[in-house]
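Here's the structure, in structure tokens; my notes come after.
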Amino acid sequence: MTDRPGRDLPPLGLGAAAFGGLYSAVSVEDALATLGAAVEAGIGYFDVAPMYGLGRAEHLVGHYLRELAPKGTTVRLSTKVGRLLARSRPGRELPPEPPRNPFDTGWRNGLKFREIFDYSYDGILRSFDDSQQRLGLPEIDLLFVHDIGRLTHGDRHDLHWRDLTTGGFRALTELRDAGLIRGFGLGVNETAVAKDAMQEADLDCCLIAGRYSLLDRQAEPLIAMAQARGVGIVIGGVFNSGILAGGPAKFDYVDAPPDIRARVSEMSRLCAEFGVPLGAAAVQFPRRNPGVTSVLVGARTARDVAEASGWSGMTIPEELWPLLEAV
């Protein structure tokens, strides 16, 4: 099943969360230059979402691909469903905002919309239509159901799960059967719900963020399950929010606790002994698992892209891996 949608993605992709203003604002110029540097570096897969900057990232990625990408550029594109963007108006007041989930730190230069979770049949179809319009592109390869799960939704998870399993998955299947998308799956930060989803629908690929890295390997059983079913796995968050790339000391989107800092310090020491940047080990670690299809890196500037691309192709001594995995 190597040609199944989601299992034939390029090995390195670019995640677009930073363009929505994750942690700090990113200018239009920097975002477009970053996308251009990614294409120049041979990165052939972009992942975005309505959540990222409340529509801003989709606008920027779409503008680049439509107006600025070199002629003949081919990029696989995934976006996400489950969140609708709206504003209150006379006659339509939006429901109260649910409690912010622990992985949502807000956006520094996002657009002025509110997100509304909707995993129903109609909600998924509307989300797809809205993303096509923001991107200005009908060609979307993969749709990931975004942030379904108890960690995100707490007491409201059962309601959203019922909407997804009684209607949302049907909408995604119809889009795939009609040839409007190549495939679908989940895009989540937790693994249990991805296992549940594989029992409910014929998924093509799942994006798992932060759960398979040098610091967190809880997705290993899920990856094995997916591989047995021919489901692709994209790993995002390989730097665990930055701490494994020498950036801000963030882990899972918040300030890293002392134990995580200590582990990273030891990993950095080991990598230095072998002359390997820790970021290179972080990028390449997930790809050592044959069940992993592609790895996403986040970037804010063209320089970030060049660094991550270089790390991806660097030779790492085999003797280093068991030492890192033991930390």
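The values are calculated or read from the model by the stated rules, or taken from the named source; none is laboratory data. Source: prediction; values computed, not measured. Please note: Cβ atoms are built from the backbone with ideal geometry, for glycine as well, and neighbour counts cover all protein chains shown. What goes into the accessible areas is simple: the full protein's heavy atoms, side chains included, and nothing from ligands, DNA or RNA. Shrake-Rupley method; radii C 1.70, N 1.55, O 1.52, S 1.80 Å.
Given their separation in residues at 0.36 nm each and the Cα-Cα distance between them, ALA262 and ARG170 gain 28.5 nm when the chain is fully extended. The charge dipole of segment 188-327, taken about its Cα centre with unit charges on the Cβ of Lys, Arg, Asp and Glu (plus for the first two, minus for the last two), comes to roughly 240 debye. Both radii were evaluated on the Cα set of segment 58-118; the Rg over Rh quotient, with Rh as the Kirkwood radius, amounts to 1.08. For segment 144-157, backbone phi angles converted through the Karplus equation (6.51, -1.76, 1.60; θ = phi - 60°) give residue-by-residue couplings of 10, 5, 8, 6, 6, x, 6, 4, 7, 9, x, 5, 8, 4 Hz, Gly and Pro being listed as x. With the charge dipole of segment 184-327 set up from +1 on Lys and Arg Cβ and -1 on Asp and Glu Cβ about the Cα centre, the Cα lying farthest toward the positive end among the listed residues GLY185, ILE208, GLY247 is that of GLY247. Taking all protein chains into account, the per residue accessible area for the chain stands at 42 Å² (1.4 Å probe).
Along each principal axis, taking the top coordinate minus the bottom one, the Cα set of segment 219-327 gives 37, 32, 29 Å in descending order.
As a check on your grasp of the helix formula, calculate [θ] at 222 nm for the chain: sum -39500 (n - 2.57) over DSSP H runs of n ≥ 4, divide by the residue count, round to the nearest 500. Don't skip to the end; give the middle numbers.
Working: 12 runs with 116 residues, N = 327.
Result for the chain: -10500 deg cm²/dmol, rounded to the nearest 500.
Label sites at GLN133 and ARG89, each approximated as a point 7 angstrom past Cα along Cα to Cβ, lie 1.0 nm apart.
With the simple model of a label 7 Å out from the Cα in the direction of the Cβ, ASP216 to ALA306 spans 3.1 nm.
In loop segments of segment 4-93 as defined by DSSP, the GluC sites (Glu not before Pro) with at most 15 further C-beta atoms inside 10 Å of their C-beta are GLU93. Extension gain, ALA224-ARG287: 0.36 nm per intervening residue step, less the Cα-Cα distance, totals 21.3 nm. Test of understanding: extend the Cα→C-beta vector of GLU200 to 7 Å, then name every residue of segment 168-194 with backbone N under 20 Å from that spot. Only 168-177, 183-194 fall inside the zone, counting backbone N under 20 Å. Mean-square fluctuations from a GNM of the chain, with a 10 angstrom spring cutoff on Cα atoms, peak among VAL28, VAL61, VAL297 at VAL28. Would you tally the net charge around GLU273, using a Cβ to Cβ cut-off of less than 15 Å, leaving GLU273 out, and scoring K and R as +1, D and E as -1? Net charge around GLU273: -2.
Considering only LEU85, GLY110, VAL61, the residue lying farthest towards the positive end of the dipole of segment 42-139 is GLY110, judged by Cα position with unit charges set on Cβ.
Amide hydrogen proximity for TYR45: with H placed 1.01 Å from N in the peptide plane, the residues at 5 or more positions away or on another chain lying under 5 Å are LEU14, ARG76.
Principal axis extents of the Cα atoms in segment 107-258, from largest to smallest and rounded to whole angstrom, are 48, 42, 33.
Computed with the Debye formula from one identical point scatterer per Cα of the chain, without solvent, the log10 of I(q)/I(0) at q = 0.10, 0.11, 0.15 Å⁻¹ comes to -0.54, -0.66, -1.29. Here the chain exposes an accessible surface that is 51 percent carbon and sulfur, computed with a 1.4 Å probe and the other protein chains kept in place.
Computed from point charges on the beta carbon alone (+1 for Lys and Arg, -1 for Asp and Glu), the dipole magnitude for the chain about its Cα centre is near 500 Debye. In plain terms, the chain from ASP104 to ALA249 could stretch by 50.5 nm, reckoned as 0.36 nm per residue minus the Cα-Cα distance.
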